[in-house]
Amino acid sequence: MDIIGIDLGTTNSVATVYTDDGLKHISFDGDFLLPSVVNVSNDGVIVGIKAKNMAMVFPENTAISIKRLMGTSEKITLNNKEYLPEDISALIIKKIKTMKKI
């Protein structure tokens, strides 16, 4: 059984999978660091470096450093929809889990 370890960071997140063959670092677009940035648009959710790049063009649809708000009831509006910090963090973790399968 594979075991995944995730470091959900304020700026970047990283993940490693422990398998029968040993440790394997998860790569995100050729890098082991995944920017902890989420962009939500009509086209869907983007997480990581592409979302970080989108922050320059669509800052109102991009969440950066969301971990600082964890545990608060403050809501973030992205693409006219409200999210709790935990919801945004869940999108980052979902991206990490998706990349584990690749």
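Here is how the numbers come out for the structure above:
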item: Residue check for I46: among the β-branched types (V, I, T), within 12 Å of I93 (Cβ to Cβ) and either assigned to a strand (DSSP E or B) or open to solvent by 90 Å² or more (accessible area, probe 1.4 Å) (or both); result: no
item: Selection within region 56-73 - under 14 Å from T11 (Cα atoms) and either surrounded by fewer than 20 Cβ atoms within 10 Å (Cβ to Cβ) or of a type in the set (D, E) (or both); result: I64, S65, K67, R68, L69, M70
item: Where a residue in region 13-27 is touching a residue at least 40 places away in the same chain (Cβ under 8 Å) and of a type in the set (A, V, I, L, M, F, W, C) and its partner, wherever it lies, is open to solvent by less than 20 Å² (accessible area, probe 1.4 Å) and part of a strand (DSSP E or B), with Cβ under 8 Å and at least six apart; result: A15/L34; I26/A15; I26/V17
item: Residue satisfying all of: in region 1-17; exposed (fewer than 13 other Cβ atoms within 10 Å of the Cβ) and not in a strand (DSSP E or B); modelled with the lowest pLDDT among these; result: M1
item: K52 touching a strand residue (DSSP E or B) at 6+ places or on another chain (Cβ under 6 Å), surrounded by fewer than 17 Cβ atoms within 10 Å (Cβ to Cβ) and of a type in the set (D, E, K, R); result: no
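The values are calculated or read from the model by the stated rules, or taken from the named source; none is laboratory data. On a predicted model such as this, the values are computed, not experimentally measured, just so you know. Positions of Cβ are generated from backbone atoms using ideal geometry, with glycine treated the same way; all protein chains shown enter the neighbour counts. Heavy atoms of the whole protein, side chains included, go into the accessibility calculation; ligands, DNA and RNA do not. Shrake-Rupley method; radii C 1.70, N 1.55, O 1.52, S 1.80 Å.
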